[in-house]
Amino acid sequence: LVSRKKKPEDTIIDIKGEKIGNGKTHFVMGPCAVESYEQVAEVAKAVKQKGIKLLRGGAFKPRTSPYDFQGLGLEGLQILRQIADEYDLAVVSEIVNPAHIENAIEYVDVIQIGARNMQNFELLKAAGDVDKPVLLKRGLSATISEFINAAEYIFSRGNGNIILCERGIRTYEKATRNTLDISAVPILKQETHLPVMVDVTHSTGRRDLLVPMAKAALAVGADGVMAEVHPDPAVALSDSAQQMDIQTFNDFMDELDRYVISHS
Ligand code: PEP
Ligand code: MN
(Lines give C-alpha, C1' and ligand atoms only; values in the text may rest on other atoms or scores of the structure.)
(Ligands and ions follow the chains in the order given, each with its own letter.)
Protein backbone atom coordinates (compact mmCIF):
# COMPACT_ATOMS: atom_id res chain seq x y z
CA LEU A 1 0.00 0.00 0.00
CA VAL A 2 2.87 2.40 0.64
CA SER A 3 4.55 1.54 -2.68
CA ARG A 4 4.81 4.15 -5.38
CA LYS A 5 3.98 1.43 -7.88
CA LYS A 6 0.50 1.28 -6.30
CA LYS A 7 0.08 5.06 -6.19
CA PRO A 8 2.41 7.16 -8.33
CA GLU A 9 1.43 10.55 -6.91
CA ASP A 10 2.80 11.92 -3.62
CA THR A 11 0.67 11.53 -0.51
CA ILE A 12 -0.07 14.87 1.12
CA ILE A 13 -0.90 14.84 4.82
CA ASP A 14 -2.89 17.75 6.18
CA ILE A 15 -1.98 18.56 9.76
CA LYS A 16 -4.02 21.55 10.86
CA GLY A 17 -3.56 23.18 7.47
CA GLU A 18 0.12 22.27 7.14
CA LYS A 19 0.28 20.07 4.05
CA ILE A 20 3.20 17.70 4.43
CA GLY A 21 4.33 16.32 1.08
CA ASN A 22 3.22 19.33 -0.97
CA GLY A 23 6.75 20.04 -2.17
CA LYS A 24 7.46 22.70 0.42
CA THR A 25 9.72 22.32 3.44
CA HIS A 26 8.19 21.59 6.83
CA PHE A 27 9.84 21.81 10.20
CA VAL A 28 9.11 19.86 13.38
CA MET A 29 10.74 21.69 16.26
CA GLY A 30 10.62 21.46 20.02
CA PRO A 31 12.34 20.06 23.05
CA CYS A 32 13.52 16.49 23.40
CA ALA A 33 11.27 16.07 26.44
CA VAL A 34 8.44 18.08 27.94
CA GLU A 35 9.80 19.24 31.30
CA SER A 36 7.41 22.00 32.32
CA TYR A 37 4.79 24.38 30.98
CA GLU A 38 7.26 27.29 30.99
CA GLN A 39 9.96 25.33 29.17
CA VAL A 40 7.65 24.28 26.33
CA ALA A 41 5.96 27.69 26.13
CA GLU A 42 9.29 29.44 25.61
CA VAL A 43 10.15 27.11 22.74
CA ALA A 44 6.63 27.31 21.28
CA LYS A 45 6.87 31.09 21.16
CA ALA A 46 10.13 30.94 19.22
CA VAL A 47 8.80 28.23 16.92
CA LYS A 48 5.69 30.28 16.21
CA GLN A 49 7.76 33.38 15.45
CA LYS A 50 9.54 31.47 12.71
CA GLY A 51 6.26 30.50 11.09
CA ILE A 52 6.58 26.85 12.06
CA LYS A 53 3.42 24.87 12.74
CA LEU A 54 4.63 21.55 14.13
CA LEU A 55 5.71 21.48 17.77
CA ARG A 56 7.42 18.35 19.06
CA GLY A 57 8.10 17.22 22.62
CA GLY A 58 8.42 13.85 24.29
CA ALA A 59 6.09 12.97 27.16
CA PHE A 60 6.94 9.28 27.17
CA LYS A 61 10.69 9.04 26.79
CA PRO A 62 12.27 5.72 25.73
CA ARG A 63 15.53 6.14 27.65
CA THR A 64 18.47 3.78 27.45
CA SER A 65 18.85 3.79 31.24
CA PRO A 66 15.89 3.15 33.55
CA TYR A 67 17.40 5.70 35.94
CA ASP A 68 17.17 8.55 33.42
CA PHE A 69 14.20 10.95 33.18
CA GLN A 70 11.31 8.98 31.74
CA GLY A 71 9.08 11.91 30.80
CA LEU A 72 6.00 13.46 32.38
CA GLY A 73 3.61 11.01 30.71
CA LEU A 74 0.01 12.15 30.36
CA GLU A 75 0.77 15.42 32.14
CA GLY A 76 3.33 16.12 29.41
CA LEU A 77 0.73 15.55 26.69
CA GLN A 78 -1.65 17.91 28.50
CA ILE A 79 1.03 20.62 28.63
CA LEU A 80 1.74 20.22 24.92
CA ARG A 81 -1.96 20.39 24.02
CA GLN A 82 -2.55 23.48 26.09
CA ILE A 83 0.43 25.34 24.63
CA ALA A 84 -0.27 24.20 21.06
CA ASP A 85 -3.80 25.54 21.38
CA GLU A 86 -2.56 28.83 22.80
CA TYR A 87 -0.10 29.29 19.91
CA ASP A 88 -2.16 27.57 17.21
CA LEU A 89 0.42 24.84 16.70
CA ALA A 90 0.13 21.11 16.06
CA VAL A 91 1.52 18.57 18.54
CA VAL A 92 3.90 15.79 17.50
CA SER A 93 4.62 13.45 20.42
CA GLU A 94 5.87 9.92 20.87
CA ILE A 95 3.58 7.18 22.14
CA VAL A 96 5.28 4.00 23.31
CA ASN A 97 2.39 1.85 24.49
CA PRO A 98 -0.36 0.50 22.20
CA ALA A 99 -2.83 0.86 25.08
CA HIS A 100 -2.12 4.61 25.19
CA ILE A 101 -3.01 5.32 21.57
CA GLU A 102 -6.77 5.76 22.06
CA ASN A 103 -6.23 8.21 24.88
CA ALA A 104 -3.32 10.05 23.26
CA ILE A 105 -5.23 11.05 20.13
CA GLU A 106 -7.14 13.48 22.28
CA TYR A 107 -3.90 15.42 22.87
CA VAL A 108 -1.65 14.90 19.86
CA ASP A 109 -2.05 15.88 16.21
CA VAL A 110 0.64 13.45 15.11
CA ILE A 111 1.53 10.18 16.83
CA GLN A 112 5.28 9.71 16.79
CA ILE A 113 6.56 6.14 16.80
CA GLY A 114 10.18 6.19 17.89
CA ALA A 115 13.18 4.38 16.51
CA ARG A 116 13.16 1.85 19.36
CA ASN A 117 9.58 0.94 18.59
CA MET A 118 9.73 0.79 14.80
CA GLN A 119 9.17 -2.94 14.96
CA ASN A 120 6.79 -2.94 17.91
CA PHE A 121 4.13 -4.50 15.74
CA GLU A 122 1.32 -4.18 18.28
CA LEU A 123 2.05 -0.45 18.52
CA LEU A 124 2.11 -0.17 14.72
CA LYS A 125 -1.25 -1.94 14.51
CA ALA A 126 -2.76 0.28 17.20
CA ALA A 127 -1.55 3.40 15.35
CA GLY A 128 -2.99 1.95 12.15
CA ASP A 129 -6.38 1.56 13.76
CA VAL A 130 -6.89 5.26 14.48
CA ASP A 131 -7.53 8.27 12.30
CA LYS A 132 -4.48 10.32 13.23
CA PRO A 133 -1.28 11.01 11.24
CA VAL A 134 1.77 9.00 12.30
CA LEU A 135 5.40 10.07 12.18
CA LEU A 136 7.31 6.80 11.98
CA LYS A 137 11.01 6.89 12.76
CA ARG A 138 13.49 4.45 11.29
CA GLY A 139 14.80 1.86 13.71
CA LEU A 140 18.38 2.16 14.91
CA SER A 141 19.38 -0.94 12.98
CA ALA A 142 16.53 -1.25 10.52
CA THR A 143 17.07 -1.70 6.81
CA ILE A 144 15.08 0.49 4.45
CA SER A 145 12.99 -2.54 3.54
CA GLU A 146 12.16 -3.19 7.22
CA PHE A 147 11.31 0.49 7.61
CA ILE A 148 8.92 0.35 4.66
CA ASN A 149 7.34 -2.80 6.07
CA ALA A 150 6.76 -1.06 9.38
CA ALA A 151 4.87 1.68 7.50
CA GLU A 152 2.96 -1.03 5.68
CA TYR A 153 1.80 -2.41 9.07
CA ILE A 154 0.19 0.94 9.85
CA PHE A 155 -1.26 1.45 6.36
CA SER A 156 -2.66 -2.08 6.17
CA ARG A 157 -4.86 -1.37 9.18
CA GLY A 158 -6.42 1.59 7.41
CA ASN A 159 -4.30 4.58 8.39
CA GLY A 160 -2.42 5.88 5.36
CA ASN A 161 -1.33 9.19 6.87
CA ILE A 162 2.27 8.25 7.56
CA ILE A 163 5.38 10.44 7.53
CA LEU A 164 8.65 8.51 7.36
CA CYS A 165 11.55 9.92 9.34
CA GLU A 166 15.19 9.00 8.79
CA ARG A 167 16.99 9.54 12.12
CA GLY A 168 20.34 7.90 11.59
CA ILE A 169 21.44 4.30 11.92
CA ARG A 170 24.05 2.42 13.93
CA THR A 171 27.38 2.05 12.22
CA TYR A 172 30.97 1.69 13.43
CA GLU A 173 31.43 5.47 13.16
CA LYS A 174 31.72 7.21 16.51
CA ALA A 175 32.24 10.82 15.35
CA THR A 176 28.47 11.18 15.26
CA ARG A 177 25.84 9.65 17.56
CA ASN A 178 24.34 7.78 14.60
CA THR A 179 25.12 7.85 10.90
CA LEU A 180 22.61 9.87 8.91
CA ASP A 181 21.73 7.63 6.00
CA ILE A 182 21.12 10.43 3.55
CA SER A 183 20.57 8.02 0.67
CA ALA A 184 17.52 6.65 2.49
CA VAL A 185 15.69 9.87 1.62
CA PRO A 186 15.68 9.56 -2.19
CA ILE A 187 15.23 5.78 -1.92
CA LEU A 188 12.15 6.17 0.30
CA LYS A 189 10.82 8.89 -2.01
CA GLN A 190 11.27 6.61 -5.01
CA GLU A 191 9.89 3.47 -3.43
CA THR A 192 6.97 4.97 -1.51
CA HIS A 193 4.54 7.83 -2.02
CA LEU A 194 4.83 8.93 1.62
CA PRO A 195 6.44 12.17 2.85
CA VAL A 196 9.96 11.78 4.23
CA MET A 197 11.57 13.86 6.95
CA VAL A 198 15.04 13.88 8.47
CA ASP A 199 15.76 14.24 12.18
CA VAL A 200 19.08 16.07 12.26
CA THR A 201 19.36 16.07 16.06
CA HIS A 202 19.29 12.34 16.81
CA SER A 203 21.12 11.35 13.63
CA THR A 204 24.14 13.53 14.36
CA GLY A 205 24.05 14.13 18.09
CA ARG A 206 26.09 17.22 17.24
CA ARG A 207 24.87 20.79 17.26
CA ASP A 208 27.61 21.88 14.84
CA LEU A 209 26.25 19.52 12.18
CA LEU A 210 22.59 20.51 12.31
CA VAL A 211 22.71 23.17 9.59
CA PRO A 212 24.81 21.24 7.04
CA MET A 213 22.83 18.03 7.56
CA ALA A 214 19.51 19.87 7.26
CA LYS A 215 20.73 21.37 3.97
CA ALA A 216 21.79 17.92 2.82
CA ALA A 217 18.37 16.52 3.71
CA LEU A 218 16.57 19.20 1.73
CA ALA A 219 19.00 18.89 -1.18
CA VAL A 220 18.12 15.21 -1.58
CA GLY A 221 14.38 15.85 -1.47
CA ALA A 222 13.28 15.56 2.16
CA ASP A 223 9.85 17.04 2.86
CA GLY A 224 10.91 18.29 6.23
CA VAL A 225 13.41 18.52 9.02
CA MET A 226 13.07 17.69 12.69
CA ALA A 227 15.37 19.13 15.35
CA GLU A 228 15.34 19.70 19.10
CA VAL A 229 15.16 23.10 20.78
CA HIS A 230 15.40 23.82 24.51
CA PRO A 231 15.50 27.17 26.35
CA ASP A 232 18.60 26.06 28.27
CA PRO A 233 20.09 22.85 26.85
CA ALA A 234 22.76 22.69 29.55
CA VAL A 235 20.11 21.82 32.14
CA ALA A 236 17.88 19.72 29.87
CA LEU A 237 16.71 16.45 31.39
CA SER A 238 17.54 14.59 28.16
CA ASP A 239 19.75 15.10 25.11
CA SER A 240 21.43 18.07 26.72
CA ALA A 241 24.48 17.88 24.43
CA GLN A 242 22.61 18.31 21.18
CA GLN A 243 19.54 20.51 21.60
CA MET A 244 19.67 24.06 20.24
CA ASP A 245 19.03 27.03 22.48
CA ILE A 246 16.61 29.68 21.17
CA GLN A 247 19.30 31.88 19.63
CA THR A 248 20.91 28.91 17.87
CA PHE A 249 17.49 27.83 16.65
CA ASN A 250 16.82 31.31 15.24
CA ASP A 251 20.18 31.26 13.45
CA PHE A 252 19.47 27.73 12.18
CA MET A 253 16.14 28.84 10.71
CA ASP A 254 17.60 32.02 9.20
CA GLU A 255 20.33 30.01 7.53
CA LEU A 256 17.85 27.47 6.15
CA ASP A 257 15.45 30.19 5.04
CA ARG A 258 18.26 31.55 2.89
CA TYR A 259 18.75 28.05 1.52
CA VAL A 260 15.19 26.93 0.78
CA ILE A 261 12.79 28.77 -1.46
CA SER A 262 9.82 28.53 0.87
CA HIS A 263 8.45 26.63 3.79
CA SER A 264 5.04 25.89 5.36
C1 PEP B 1 12.71 11.54 19.75
O2 PEP B 1 12.52 12.04 18.62
O3 PEP B 1 12.27 12.07 20.79
C4 PEP B 1 13.47 10.29 19.88
C5 PEP B 1 13.54 9.64 21.03
O6 PEP B 1 14.08 9.91 18.73
P7 PEP B 1 14.44 8.43 18.22
O8 PEP B 1 13.24 7.58 18.46
O9 PEP B 1 14.72 8.65 16.76
O10 PEP B 1 15.66 7.99 18.97
MN1 MN C 1 16.00 13.68 22.04
Checklist entry - Just for segment 129-183: of the residues that are among the charged types (D, E, K, R) and surrounded by 21 or more Cβ atoms within 10 Å (Cβ to Cβ), which one is farthest from ligand 1 (Cβ to nearest atom)? => result Glu166
Next on the checklist: Looking only at segment 19-51, count every residue that is away from ligand 1 (no atom under 16 Å from the Cβ) and either more than 25 Å from Leu74 (Cβ to Cβ) or of a type in the set (Ser, Thr, Tyr) (or both) and tell me the total.
Outcome noted: 13
Next on the checklist: Being surrounded by fewer than 24 Cβ atoms within 10 Å (Cβ to Cβ), of a type in the set (A, V, I, L, M, F, W, C) and modelled with pLDDT of 95 or more is true for just one of Ile105, Ile113. Which residue is that?
Outcome noted: Ile105
Next on the checklist: Looking at segment 26-71 only, could you name the residues that are in contact with a Ser or Thr (Cβ under 8 Å, 6 or more places away or on another chain) and surrounded by fewer than 21 Cβ atoms within 10 Å (Cβ to Cβ)?
Outcome noted: Gly51, Arg63, Asp68, Phe69
Item to check | Residue satisfying condition, being within 16 Å of ligand 2 (Cβ to nearest atom) and at pLDDT 95 or above, within set Lys137, Lys132 | outcome: Lys137
Checklist entry - Looking at Lys61, is it in contact with a Cys (Cβ under 9 Å, 6 or more places away or on another chain) and of a type in the set (D, E, K, R)? => result yes
Checklist entry - Which one of Thr248, Thr201 is within 13 Å of ligand 2 (Cβ to nearest atom), modelled with pLDDT of 95 or more, closer than 23 Å to Ile52 by Cα and not in a loop (DSSP other than H, G, I, E, B)? => result Thr201
Checklist entry - Just for segment 147-194: of the residues that are among the small types (Gly, Ala, Ser) and under 15 Å from Thr11 (Cα atoms), which one is farthest from ligand 2 (Cβ to nearest atom)? => result Gly158
Next on the checklist: Based on this model, can you work out whether Val229 counts as surrounded by fewer than 24 Cβ atoms within 10 Å (Cβ to Cβ) and in contact with a strand residue (DSSP E or B) (Cβ under 7 Å, 6 or more places away or on another chain)?
Outcome noted: no
Next on the checklist: Quick check on my filter: what residues within segment 41-99 are more than 13 Å from ligand 2 (Cβ to nearest atom), closer than 18 Å to Ile15 by Cβ and not in a helix (DSSP H, G or I)?
Outcome noted: Lys50, Gly51, Ile52, Lys53, Leu54, Leu55, Asp88, Leu89, Ala90, Val91, Ile95
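The values are calculated or read from the model by the stated rules, or taken from the named source; none is laboratory data. None of these values were measured; they are calculated from a predicted model. Every residue, glycine among them, receives a Cβ derived from its backbone with ideal geometry; neighbour counts consider all protein chains shown.
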